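Take a look at the structure set out below.
Quick note: the coordinates plus some simple rules give every number you see, no bench work behind them. Quantities reported herein were computed from a predicted structural model and do not represent experimental measurements. Cβ coordinates were reconstructed from backbone atoms using ideal geometry, including for glycine residues, and neighbour counts include every protein chain displayed.
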Amino acid sequence: MTSMGKTRRAVSAGLCGAALAAALTAPAEAAPAGAVWEVKPTGTEVRFRGLAAVSRSTAWVAGSKGTVLRTLDGGRSWRNVSPPGAEALEFRDVEAFDGRRAVVLAIGEGEASRIYRTDDGGASWTESFRNTDARAFYDCVTFFDSRHGLAMSDPVDGKYRILSTGDGGRTWTVLPDSGMPAALPGEAGFAASGQCLVSSGPRDVWLATGGGATARVLHSADRGLTWTAAESTIPAGDPARGVFALAFRDRTHGLAVGGDYRTGQASPRAGAVSRDGGRTWRQAHTPPPAYRSGVTWLPHTRSAALAVGPTGTDLTLDGGRTWRTVDTGSYDTVDCARDAGCWASGEKGRVARLEPGGHGPGPSGHADAGPGSSPARTAPSHGTS
């Protein structure tokens with residue numbers, strides 16, 4: 001592509017991001033905001049906690065019953081590209097490089113934790129990793145670029161276990177744990193949205209925790225070889241509470257959301273902000289009003305982001321300091337592409353794309369936020385249904 005073509009595409013993407021941010025600044029009574037989630041029917045009832053936004057036209061979702069779907073036309077149609085024989089697996093994360101190449105992670109005890117890769121849009125899949133350690137339980141995967149990535153497991157022998165790939169997920173190696181701080185008693189990750197392990201730039205990666213006495217965020221600046229741990233302000237102290245999702249706009253500015261995933265339980269202080277790469281965290285002045293499991297920055301803005309959960313979507317326009325609810329539909333995870341294509345997914349096969357303007361979400365744009373399934377394993381008895 002010519003430099004002029006690149007410039008035009010960058011300007012266009014920036015304008016799209018600015019338009020979304022501007023639309024979302026509409027008054028709260030504007031039914032409910034100038035940008036709305038437009039549901040894109042998938043024809044299935046499975047729960048999609050894994051989501052990868054490639055562009056406004058292309059997205060992948062991964063969920064229960066071994067289901068992977070892909071759209072290339074903005075959600076007008078979805079193709080079932082699930083790996084054959086995976087019906088018993090629980091996919092909780094998908095990382096897509098484009099419309100043809102993607103990696104999906106299945107969670108669970110022992111061999112239930114697996115990683116698959118496709119290079120042909122899901123026409124065929126290769127199982128590139130199967131966990132053989134009954135003590136390990138993999139939660140999330142992230143990529144720095146199209147070749148280098150990491151996956152994380154709940155603690156084994158008192159430390160989080162990290163897998164590394166240098167060939168786009170075709171092969172995986174367990175990293176040494178000498179640079180990993182000890183886990184707290186009862187501490188683990190939450191496989192709720194594919195956002196308990198996130199990266200920004202070529203080497204920085206962050207890991208979110210809960211279940212222990214405090215909810216922590218671990219950071220590595222060398223692709224997972226050495227880590228430091230920082231306490232967040234989000235309450236923990238229970239297997240159902242902690243940091244469920246992270247988003248970093250760059251290697252400095254980060255957001256954390258979480259709470260208590262149990263229906264009817266209060267989730268005070270459900271948002272936190274870091275401006276120093278995760279070394280310290282400050283409580284949001286006006287946090288999301290309830291448990292949130294997914295968070296993403298709006299592209300081409302410096303301070304706008306979305307957080308989602310079973311009871312709604314929240315917007316911040318000041319970098320996470322204050323949040324307000326702009327939609328009451330149920331979603332588990334959210335992701336934005338560089339061209340300002342923002343997608344959300346969740347229970348009952350729900351997938352939606354954020355649209356600027358519009359007449360506000362009607363009945364098809366909302367769903368009952370009813371009881372959700374357990375988002376993660378944080379103790380041996382904790383379910384993953």
For residue 313, other-chain or 5+-apart residues with amide H closer than 5 Å (H placed, Pro excluded) are 326, 327, 328, 329
Quick one: what are the phi-derived ³J(HN,Hα) couplings along the range 175-181, Karplus 6.51/-1.76/1.60 with θ = phi - 60°, whole Hz, x for glycine and proline?
6, x, 9, 5, x, 9, x
Would you mind computing Rg(Cα) / (2.2 N^0.38 Å) for the range 165-228, counting N as its residues?
1.17
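Give the value in nm², to one decimal: projected area of the alpha carbon convex hull of the range 3-365, averaged over all directions.
Across all orientations, the range 3-365 yields a mean hull projection of 16.4 nm².
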Burial-style ranking of 73-79, 43-49, 222-228, average other-beta-carbon count within 10 Å with highest first, yields 43-49, 222-228, 73-79
